[in-house]
Amino acid sequence: MKNLVDTHILLWVVQDSPKLSKKARYMLTDPEDEYWFSAASVWEIAIKHSTKSSKLQISAEQARTAFLAAGFKELPVTSLHATAVESLPKLHKDPFDRILVAQARSEGWRLITHDDILADYGDWVALV
């Protein structure tokens, strides 16, 4: 199965954060599955890292390099993904999270997240 991993989970993986749940650690080691990151996650990190008030210590370039080194594959944002946002229920306001939902849904993949609100989008969202 192909899985799109949300931004927080990606960062916790590459930083070996204790915030990464045991369930997530277990799920992300399944050799039968593929794990992808979205270009939108890198964009989100770039925006947040560039603000003076951000606590984010990793740049977008460093994050992308770390994601690839950790074995994640990169999913670009396409116009199909962008148009799919329009049909999503208005459950979540964050545009980065909404594009991740739209991407996973458009591709027929599972979205791996820790965000309770994103889990409301359906069974194909794995809450870890």
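The table below lists the values:
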| quantity | calculated |
| --- | --- |
| Estimated FRET transfer efficiency when R0 is 22 angstrom, pair LYS93-TRP43 (beta carbons, to 0.05) | 0.80 |
| Gaussian network model of the chain, springs between alpha carbon atoms under 10 Å - residue of SER17, SER53, SER106 with greatest fluctuation | SER53 |
| For the chain, radius of gyration divided by Kirkwood radius, i.e. Rg to Rh on alpha-carbons | 0.94 |
| Dipole magnitude (debye, nearest 20) for the chain, charges at Cβ of Lys, Arg, Asp, Glu | 380 debye |
| Partner lysines for LYS73 [C-alpha distance under 25 Å; skip if fewer than 8 residues away on the same chain] | LYS2, LYS19, LYS22, LYS23, LYS48 |
| Amide hydrogen neighbours beyond the local backbone of SER38, cut-off 5 Å, H modeled | VAL5, LEU75 |
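Rule-based calculations on the coordinates, nothing more; no lab input. This is a predicted model, so every value here is computed, not measured. Here the Cβ is made from the backbone with ideal geometry for all residues, glycine too, and neighbour counts use every protein chain on show.
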